[in-house]
Amino acid sequence: MRDWESAALEPGVGELELALEAVLFAASEPVPVKDLLAACSTVDADAPAPAELDAALERLAAHYHARSIELVRSAGGYRFRVRQRFSPQVQAAQPERPPRLSRALLETLAIIAYRQPVTRAEIEDIRGVAVSTQIMRTLTEREWVHLVGHKEVPGRPGLYATTRTFLDDLGLGRLDELPALDDLRALVDLPSDAALPVLPRSQDGGEEPPPES
């Protein structure tokens, strides 16, 4: 019997779960399944099968069910995060908060997320105003948006789509899990009175964006 099957450090928590917990707490971004498997192979010479890893992750998630942090899976892998209802307490403990992003940026991000791939001109047609270069630069620098190709029309304008980082920051695995538009406010800390565009989903359905290079 392997160590993680016989460990009884806590009810329902074995050596494998503890190893996963350590790796995930130490990570600053989601950890892919292949990396979790590699990490757990150090627990015992007999590395866990993917099904064993999935079961251990489920047990670990259940262990944190009633805690202020939770284990979530997104496009990039698994990570721990603070439950949303404790965000005010976390923010209050931080003396310097990141700058609040604008309504214009959120509207642009929402259009890209729900209509991708989309050109800058198409974004401007939906919003009814020009999209500033600074907005596009900010979205790109935050790794929420990237260029995925060019539209085959005169001038071949760039096509923009959201990234895996965008899904990770929302705690999502795929684009078809996108929340209601109002829920995007939490991502950028937008005031509750800021309006959002009413958008249909893209006709081609929202596949997961390709991995970033």
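Laboratory data are not the source of any read-out in this text; all were calculated from the coordinates shown. Computed from a predicted structure; not experimentally measured. Because the Cβ atoms are built from the backbone with ideal geometry, glycine has one as well, and the counts that use them run over all protein chains shown.
Here the Karplus curve 6.51 cos²θ - 1.76 cosθ + 1.60, taken at θ = phi - 60°, turns the phi angles of segment 136-151 into couplings of 5, 5, 5, 5, 6, 5, 7, 6, 8, 9, 8, 7, 10, x, 9, 7 Hz, with x standing for Gly and Pro. Once the other residues with Cβ under 13 Å from the Cβ of Thr108 are scored (Lys, Arg +1; Asp, Glu -1), what is the net sum? In short, +2.
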